[in-house]
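Encoded as structure tokens, the structure appears first; notes follow it.
Values in this text are rule-based calculations from the coordinates and carry no lab data. Just so you know, these numbers come straight off a predicted model, no measurement behind them. In this analysis, Cβ positions are derived from the backbone assuming ideal geometry, glycine residues included, and neighbour counts consider all displayed protein chains.
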């Protein structure tokens with residue numbers, strides 16, 4: 001191969017990712033979505049879980065991966081409380097069926113509820129406490145998560 005041909009081949013390889021098409025690496029990146037719940041409303045909670053199922057089914061049909069995180073704070077934390085959640089059974093089932101699904105509970109809200117109620121606030125086993133639900137939503141969006149508030 002001549003030096004010119006080698007340089008031309010190198011230039012092509014370096015320019016290909018910027019040519020406007022989607023490369024294999026870009027297509028393989030999983031989709032990411034954050035779903036926000038801040039109301040103690042069973043209908044809103046169920047709508048959020050319906051969104052989770054619909055998103056998962058859509059990307060399964062396309063053969064693509066998706067990561068979904070449901071973030072709760074304020075009155076929405078009731079969704080993840082083991083003593084008050086109207087959707088606890090559904091969350092348990094969905095957590096077993098859907099890979100890459102997580103539930104984040106706001107630590108600030110939990111601490112405030114504990115102080116107000118004078119007792120520890122129990123969370124579902126499927127929930128993970130984060131320091132701040134609002135900050136968690138910000139971090140997810142900064143990490144290129146799409147944002148949905150049902």
Quiz item: So, in Å, what gap is there between the alpha-carbon centers of segment 42-56 and segment 87-126?
Solution: 16
Quiz item: Along the Cα-to-Cβ line of residue 111, 7 Å from the Cα, sits a label point; which residues in segment 129-144 have backbone N less than 15 Å from it?
Solution: 129-136
Quiz prompt | Cα gyration tensor shape of segment 79-143, rounded if a/c is under 1.5, else prolate or oblate by comparing a/b with b/c | solution = oblate
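Can you give the convex hull volume of the alpha carbon atoms of segment 31-148 per residue, in Å³? Write out the running numbers ahead of the final one.
Working: hull volume 10.0 nm³, N = 118.
Expressed per residue, the convex hull around the Cα atoms of segment 31-148 is 85 Å³.
Roughly speaking, what is the stretch gain from residue 93 to residue 65, that is 0.36 nm per residue apart minus the C-alpha to C-alpha distance, in nm to one decimal?
Extra length available between residue 93 and residue 65 comes to 8.1 nm.
Full-extension gain between residue 149 and residue 84, please, as 0.36 nm times their residue separation minus the C-alpha to C-alpha distance.
Numbers: separation 65, 0.36 × 65 = 23.40 nm, distance 2.12 nm.
Working it through step by step, the gained length comes to 21.3 nm.
To the nearest 0.05, what FRET efficiency results for residue 57 and residue 29 with a Förster distance of 25 Å applied to their C-beta separation? Could you put the intermediate results ahead of the total?
Details: r = 20 Å, r/R0 = 0.79.
Working from the Cβ atoms, E equals 0.80.
For the ranges 37-45, 60-68, 112-120, 134-142, what's the packing order if you count other beta-carbon atoms within 10 Å of each residue, average per peptide, and put the highest first?
On the way: 37-45: 18.1, 60-68: 13.8, 112-120: 11.1, 134-142: 16.1.
The most tightly packed comes first, giving 37-45, 134-142, 60-68, 112-120.
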